[in-house]
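Okay, structure first, notes after.
Readers should treat all values here as calculations from the given coordinates under stated rules, not as data from a laboratory. Since this is a predicted model, take the numbers as computed values, not measurements. Every residue, glycine among them, receives a Cβ derived from its backbone with ideal geometry; neighbour counts consider all protein chains shown.
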Amino acid sequence: MSGIERILVVGSGTMGSQIGLVAALAGYDTTVQDISEPMLAKAKAELSARMDTSVAKGRLTVAEAEAALGRLFFSTDLESAAARADFVIEAATERLDVKEQIFARIGQLAPEHAILATNSSTLGSSKVAAATGRADRVCNMHFFNPALVMKCVEVVRHEATSQATVETTLELARRFGKEPVLINREIPGFIANRLMGAVQKEALALAAAGIASKEDIDTTARTALGHPMGPFELMDMVGLDVIDFIAQATYAETGDEADRPDPQVAALVAEGKLGRKSGQGWYSY
Ligand code: 3HC
């Protein structure tokens, strides 16, 4: 795609780091930026290990893996990374104040033509667009966990997002090897989290009522519906804190009783049981 050579990913957590590798694998000169050196070091080590596994499985040659990692840079310096970026994907903490600050700074630092996208699943980009001084070049570009594997990217436009921004973002997602979908209006949960939330809600209600065990509900989702994971397994993979946060953000926006966060999930989070990443959630790991 003409004009896009260098990509900046802000945030090196689970999503940001893998999005960075997706971009590097697609041939883009990519910088993953974070304020935390230890987070960057962890991301670098994890991504190198992923590439080793892909080579061991015969998915990539050693040369391809080395070339991708050679295009992937890790930095705490937002200024110089933003100054050379043609496209920015923000994947930092899901907090509006943090995102507003990041978008205001990137709006000042990035070249005029650069598109600024947020990976947020809960905050529509209209909430940060004004801070950038280029609202027409701002949208959501929402990836799914694990970003290296999942094909979907939700591209969400807000009222001022230009058609050119939408088309460039969809095309970039395709160049990343993804199958993007377009969402024409901001709505809490976009498409995927609304669908996922509906299944989770039903699963939580069935389990809470003692109608079936979480194991049998998960088995049914896999064997009857062909889902790769059951809803409880999926909540554990995404992180129960993330699930709870999405529910809270959705409920705050809709005020709909049907969207009220689930107390069972909140209770697990309060006990520090966050799913796979903490070793315990619905299941033990
Ligand atoms: N990171 C990167 N790659 C991973 C991975 C991870 N965490 N977990 C698995 N993989 C890779 C494996 O390396 C393997 O790669 P290969 O094909 O090159 O060998 C491939 O995925 C398949 O892995 P496995 O054979 O070990 O296991 P599965 O076949 O069970 O696949 C899965 C794992 C891809 C995670 C699959 O179970 C799945 O699709 N689960 C559903 C995931 C899902 O619904 N994600 C969306 C969550 S919602 C979200 O992200 C939105 C946000 O806003 C909350």
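If you average the sequence gap of Cα pairs under 8 Å that are 6 or more apart and divide by the length of the chain, what percent do you get for the contact order?
Working: 497 pairs, mean separation 36.3, N = 285.
Averaging sequence separation for qualifying contacts and normalising by length gives 13 percent for the chain.
Think of the chain as having a plus end and a minus end, set by charges on the Cβ of Lys, Arg, Asp and Glu; of G3, S36, A205, G3 sits farthest toward the positive end of this dipole. Applying a threshold of 31 Å to the alpha-carbon distances of K44/K201; K57/K99; K99/K178; K44/K99 flags K44/K201; K57/K99 as lying beyond it. Simple point charges give the picture: +1 on the Cβ of Lys and Arg, -1 on the Cβ of Asp and Glu, and for the chain a dipole about the Cα centre of about 500 debye.
With all projection directions averaged, the alpha carbon convex hull of the stretch 102-259 covers 10.2 nm².
Counting other Cβ atoms within 10 Å, which GluC sites (Glu not before Pro) in the stretch 112-200 have at most 14 and lie in a DSSP loop? Each step should come with its number before you reach the end.
Values: sites: E112, E154, E159, E167, E171, E186; in loops: E112, E159, E186.
For GluC sites (Glu not before Pro) across the stretch 112-200 that sit outside H, G, I, E and B with at most 14 neighbouring Cβ atoms in 10 Å, the list reads E112, E159.
Taking every DSSP beta bridge with both residues inside the chain, roughly what % is antiparallel (nearest 5)? Antiparallel bridges: around 15 percent, rounded to the nearest 5. Inverting the pair-averaged 1/r between distinct Cα atoms of the chain gives 19.7 Å as its Kirkwood hydrodynamic radius.
Around the amide H of E90, modelled in the peptide plane, lie the amide H atoms of V10, A117, T118, N119, all under 5 Å away and 5 or more residues distant in sequence or on another chain. For the chain, the residue among T169, L60, M235 whose Cα projects farthest onto the positive side of the dipole built from Cβ charges is L60.
GNM remark for the chain: springs join alpha carbons under 10 Å apart, and the peak mean-square fluctuation among L148, L25, L96 falls on L96.
For the stretch 19-33, backbone nitrogen atoms closer than 18 Å to the point 7 Å from S80 Cα along Cα-to-C-beta are found at 29-33. When the chain is treated as a GNM with alpha-carbon contacts under 10 Å, the residue of I89, I243, I211 showing the greatest mean-square fluctuation is I211. Of the candidates A24, A83, A45, which one comes out as most mobile in a Gaussian network treatment of the chain with C-alpha springs shorter than 10 Å? Its mean-square fluctuation being the largest, the pick is A45. Excluding same-chain neighbours fewer than eight residues apart, the aspartates and glutamates reachable from K42 by a Cα-Cα span under 19 Å are D34, D52, E66, D77, E90.
Ranked for footprinting exposure by Cβ neighbours inside 10 Å, fewest first, H227, H158, H142, H113 give H113, H227, H158, H142.
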